[in-house]
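The values are calculated or read from the model by the stated rules, or taken from the named source; none is laboratory data. For clarity, every value in this text was computed on a predicted model and none was experimentally measured. Here Cβ is always computed from backbone atoms with ideal geometry, including for glycine, and neighbour counts include all displayed protein chains.
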Amino acid sequence: MVHLLIKRAVRPEPRDADVTAPLPPAAPPPRRRRRRVPRWVKWSAVIVVAGLIFRRAVAYLVLAALSAALHLIGVNVHLPSVKFGWPWQSVTSGTSSDVIVGPWVLQKIEGISRPALGTENFNFLFTHKVSKNIGFWPCWYSSTFYAVGHASATVDLNPGPAWWKTSTGHYRLQVLRQPASGVPGRVAVSIALPTPQLPQSVHDVTIDNTLSSPVATDHSWTYPGLGCGAAINPQFPESVLYSQAQSIAFYRVNHVSSVTQPLIGAAETEATQMVRDNFIQPTLNALGYTLTSFGIRWING
């Protein structure tokens with residue numbers, strides 16, 4: 001009886017089948033998660049968001065670069081004005097004062113100190129005559145031409161450092177209201193410049209050959225006889241006609257009021273628009289001000 005109890009208490013050894021049983025399969029490695037949004041899309045979104053946040057600064061820089069490029073090639077285009085500002089920028093209030101801002105403009109217009117502005121077109125008639133008497137025979141031949149001239153006045157926008165001294169009062173900016181609570185300030189600007197200068201040389205006037213043409217001819221009673229016709233041979237070179245028309249046009253732009261006054265007026269109007277829209281107003285907008293009034297006084301001498 002005791003022998004049977006001991007035998008039952010011994011744990012049976014594992015069978016051969018249990019020892020050689022295969023292990024359960026290992027779990028597969030986790031798969032790498034695939035990107036759903038390409039990297040260039042993310043960067044594009046970041047750039048777009050940054051452009052929206054800094055849109056005022058971006059617009060101001062783009063317009064400033066475009067304005068500088070257009071002036072460099074001589075194109076005068078009135079671009080819209082945008083005030084420079086950062087998203088976190090705020091303007092502070094202050095007291096009213098008068099400020100001389102001549103150096104602002106001098107830095108802006110340094111490259112175009114004497115532009116030719118206010119180009120005017122005018123037409124006139126002139127006569128070219130050739131005479132060569134043969135003995136007592138009066139021989140002459142003349143032609144009358146219709147000519148179209150072009151001329152511009154020169155405006156000195158940068159008369160020099162002495163011109164902008166405070167004591168002269170040639171440039172004055174009056175602060176009417178300081179910026180406050182995000183509202184831009186208001187200023188009034190008055191400026192004095194030398195009167196536009198008319199063409200100083202005959203070469204400053206041009207003649208439009210495409211619009212110039214002969215309108216009438218005249219000659220002596222002996223022309224076109226054999227003697228006079230052979231002696232005169234009225235073939236007028238274009239260079240001679242152009243030079244004569246240029247001299248007449250130069251006289252007209254300096255002495256004929258119907259040409260001189262419109263030329264000076266057009267130059268003054270164009271200079272006023274250029275200084276206001278391209279130089280003063282953008283500069284003031286960048287400082288948090290708007291230009292409420294602007295005027296130019298023209299000084300002779």
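Return the only residue of 220, 212, 201, 190 being under 27 Å from residue 153 (Cα atoms), among the polar types (S, T, N, Q), out of contact with any Ser or Thr (no Cβ under 7 Å at 6 or more places or on another chain) and buried (at least 17 other Cβ atoms within 10 Å of the Cβ).
On the way: 220 fails: under 27 Å from residue 153 (Cα atoms); 201 fails: buried (at least 17 other Cβ atoms within 10 Å of the Cβ); 190 fails: buried (at least 17 other Cβ atoms within 10 Å of the Cβ).
The conditions single out 212.
Within 27 Å of residue 270 (Cβ to Cβ), out of contact with any strand residue (DSSP E or B) (no Cβ under 7 Å at 6 or more places or on another chain) and in contact (Cβ under 8 Å) with a residue 12 or more places away in the chain - does that describe any residue in segment 169-189? Yes, that holds for at least one residue.
In segment 41-79, of all residues being modelled with pLDDT of 65 or more and not in a helix (DSSP H, G or I), the one that is farthest from residue 117 (Cα to Cα) corresponds to 54.
Whether any residue in segment 194-205 is outside any helix (DSSP H, G or I) and touching a His at 6+ places or on another chain (Cβ under 8 Å) is what I want to check.
Pass one, segment 194-205, residues outside any helix (DSSP H, G or I): 194-201, 205.
Subsequent filtering for residues that are touching a His at 6+ places or on another chain (Cβ under 8 Å) retains 205.
So far as segment 194-205 goes, yes, one or more of its residues are outside any helix (DSSP H, G or I) and touching a His at 6+ places or on another chain (Cβ under 8 Å).
Restricting to segment 188-245, count the residues that are over 30 Å from residue 276 (Cα atoms) and among the β-branched types (Val, Ile, Thr). Spell out the reasoning first.
In the first step, residues of segment 188-245 are kept if they are over 30 Å from residue 276 (Cα atoms); the result is 202-203, 207-245.
After this cut, where a residue has to be among the β-branched types (Val, Ile, Thr) as well, the list is 202, 207, 210, 215, 217, 222, 232, 240.
Residues that pass the stated criteria total 8.
Residue 280: in a helix (DSSP H, G or I), closer than 22 Å to residue 172 by Cβ and assigned by TED's automatic domain parsing to the domain that holds residue 170, yes or no? The answer is yes for residue 280. Scanning segment 135-186 for residues that are on the phi > 0 side of the Ramachandran plot and more than 27 Å from the chain's Cα centre (by Cα) gives 135, 169, 181, 182.
Each residue in segment 109-130 was checked for being part of a strand (DSSP E or B) and surrounded by fewer than 15 Cβ atoms within 10 Å (Cβ to Cβ), and 6 of them qualify.
Of the residues that sit in segment 159-187 and are among the small types (Gly, Ala, Ser) and in a helix (DSSP H, G or I), which one is surrounded by the fewest Cβ atoms within 10 Å (Cβ to Cβ)?
Among those that are among the small types (Gly, Ala, Ser) and in a helix (DSSP H, G or I), it is 167.
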